[in-house]
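Heads up, the thing below is written out as structure tokens.
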Amino acid sequence: MLRLSLKQLMARKLRLLSTTVAVLLGVAFLTGSLVLTDTIGKTFDDLFAELGEGVDAHIRSADKIETDFFEVRGTVDGALVDEIEAVEGVAAVQGQTEGYAQLVDKEGDPIGNPGNGPPTLGVTWTNIDVLNQLRLVGEDSQRPGPGEVVIDKGSADAAGFEVGDAVTILLQGPPREFRISGIATFGSADSPLGASLAAFEEMTAQRVLGELGRFNSIDVVAEEG
């Protein structure tokens, strides 16, 4: 029986070779997909863990949708900020709006590829030091006002942006142009895990990243003890 099987295999060498190659390619593609999925998932987990440093309580909507890489939550009413501030033991509260915001360089080319690399994030600039991982660099850098944005140093260096320059940002809606009010590092790093970052003041963030009067989440800092 064994001799007959070997004889048949040797008689069909091309079929055997093509089948073997097909199996190897299938396993390689599956392994690559799993590794890519896990890598992207870990990148997002590490990134949002860094963004959340200093937060004692993180309030989100109970409504959620699970994806391959992360979960998508509904928004919360901005009126909750005042209610939370009134709670005994709360030292500071900050509503957060996050979303897609991709910088465009001076030649008109998007910076980064969020579909196949680190994310391109838009966030709310916070004036609460313990919640803000961004550190302005350079004497001219200022926190953002209406129509302004603070960008990460990694993107600024790569594209040659300086404070005072105009930058176009791709958003979920139409692209918009902003004045760069400041350039910031993420702690001691030029950017958070290679991601590009655009930080807007609260009302601007709601307008371009989400919805007026609503936040993706609310961060709370507790009083000592």
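The values are calculated or read from the model by the stated rules, or taken from the named source; none is laboratory data. Keep in mind the model is a prediction, meaning the values are calculated, not measured. Backbone-built Cβ (ideal geometry, glycine too); neighbour counts: all protein chains shown. These area figures cover heavy atoms from the full protein model, side chains too; ligands, DNA and RNA do not enter into them. Shrake-Rupley method; radii C 1.70, N 1.55, O 1.52, S 1.80 Å.
So the values come out like this:
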{"read-out": "Extension gain (nm, one decimal) between Arg179 and Lys64, 0.36 nm per residue minus Cα-Cα", "value": "38.0 nm"}
{"read-out": "Relative intensity, log₁₀ I(q)/I(0), of region 86-136 from a Debye sum that treats every alpha carbon as a point, q = 0.20 Å⁻¹", "value": "-0.85"}
{"read-out": "Average accessible area per residue (Å²) across region 120-196 - probe 1.4 Å, nucleic acids and ligands excluded", "value": "46"}
{"read-out": "Mean Cα-pair separation over length for region 118-225, i.e. relative contact order, pairs under 8 Å, 6 or more apart, %", "value": "37"}
{"read-out": "Peptide ranges 107-113, 82-88 listed from the most packed, as the mean C-beta count within 10 angstrom indicates", "value": "107-113, 82-88"}
{"read-out": "Environment charge at Glu223 (Cβ cut-off 11 Å; Lys +1, Arg +1, Asp -1, Glu -1)", "value": "-3"}
{"read-out": "Rg over Rh [alpha-carbon atoms, Kirkwood Rh] for region 103-225", "value": "0.96"}
{"read-out": "Region 82-138, accessible surface, carbon-and-sulfur percent (1.4 angstrom probe)", "value": "46"}
